[in-house]
1. Please indicate, with yes or no, whether at least one residue in the range 72-83 is farther than 21 Å from ASP51 by Cβ, at pLDDT below 90 and basic (Lys, Arg).
2. Note down all Cβ pairs under 7 Å where the first residue falls in the range 103-118 and is farther than 20 Å from ALA67 by Cβ, the second is in a loop (DSSP other than H, G, I, E, B) and modelled with pLDDT of 90 or more, and they're at least six residues apart or on different chains.
3. Consider the range 103-113. How many of its residues are assigned to a loop (DSSP other than H, G, I, E, B) and open to solvent by 80 Å² or more (accessible area, probe 1.4 Å)?
4. Among the numbered criteria (1) in contact with a Lys or Arg (Cβ under 6 Å, 6 or more places away or on another chain); (2) open to solvent by 70 Å² or more (accessible area, probe 1.4 Å), which one does LEU56 miss?
5. Name the residue that is nearest to PHE66 (Cα to Cα), counting only residues in the range 86-102 that are assigned to a loop (DSSP other than H, G, I, E, B) and small (Gly, Ala, Ser).
6. Show the residue pairs that are 6+ apart or on different chains and have beta-carbon atoms under 9 Å apart, the first residue being within the range 1-30 and closer than 27 Å to LEU54 by Cα, the second being among the acidic types (Asp, Glu) and open to solvent by 80 Å² or more (accessible area, probe 1.4 Å).
7. Taking the residues in the range 59-84 that are within 20 Å of ILE100 (Cβ to Cβ), hydrophobic (A, V, I, L, M, F, W, C) and in contact (Cβ under 8 Å) with a residue 24 or more places away in the chain as candidates, determine which candidate is most open to solvent (accessible area, probe 1.4 Å).
8. Can ASP98 be described as surrounded by 12 or more Cβ atoms within 10 Å (Cβ to Cβ), among the charged types (D, E, K, R) and farther than 30 Å from HIS24 by Cβ?
Amino acid sequence: PVVRQKSATIQEHCNELRLNFGSHTLVLRAYNEGFAYRFESAESGELYILDEILDLRLPPGDSIYFAEEESFMSHNERLYIKYAPADLSSKQFASLPDLIETQNGLKIFISESDLHDYAGMWLQGTG
């Protein structure tokens, strides 16, 4: 397929909200075609992140193309299987990227970027 957009530069038009919590900041961005969040820290030295949770609650009728994995040692070459979110158990997890298809046809792509010395995100079913 034809590449949607080719250009030497990519303009970044978004609305940004920065929430400061002491030496840590949560950055939220809203674009015309999506949103993003990231955590920033002004602390020096090593930081240990014990947990980071993004809780997505999908309504009945939505589906997800889920790249189900067997372990956290992934080669990122899984088949994408279409599931109803309610059919995914807490024992099932997937690597990214994944795609959600809403009942009205809207598609939501879940991905990540800028991972330097930081673990990647995994999606887990909850039933």
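The values are calculated or read from the model by the stated rules, or taken from the named source; none is laboratory data. As the structure is a computational prediction, the values presented were derived from the model and not from experiment. Here Cβ is always computed from backbone atoms with ideal geometry, including for glycine, and neighbour counts include all displayed protein chains. With ligands, DNA and RNA removed, areas are computed over all heavy atoms of the protein, side chains included. Shrake-Rupley method; radii C 1.70, N 1.55, O 1.52, S 1.80 Å.
1. The answer is yes; a qualifying residue exists.
2. Listed by first residue and then by second, the contacts come to GLN103/GLY61; GLN103/ASP62.
3. Taking the range 103-113 and keeping what is assigned to a loop (DSSP other than H, G, I, E, B), we get 103-106, 111-113.
Still in the list and also open to solvent by 80 Å² or more (accessible area, probe 1.4 Å): 103-104, 106, 113.
The number of residues fulfilling the criteria is 4.
4. (1)
5. SER95
6. These pairs meet every condition: SER23/GLU43; HIS24/GLU43; VAL27/GLU16; LEU28/GLU16; ARG29/GLU12; ARG29/GLU16; ALA30/GLU16.
7. Taking the candidates together, the pick is ALA84.
8. Values: surrounded by 12 or more Cβ atoms within 10 Å (Cβ to Cβ): yes; among the charged types (D, E, K, R): yes; farther than 30 Å from HIS24 by Cβ: no.
Taking the combined requirement at face value, the residue does not satisfy it.
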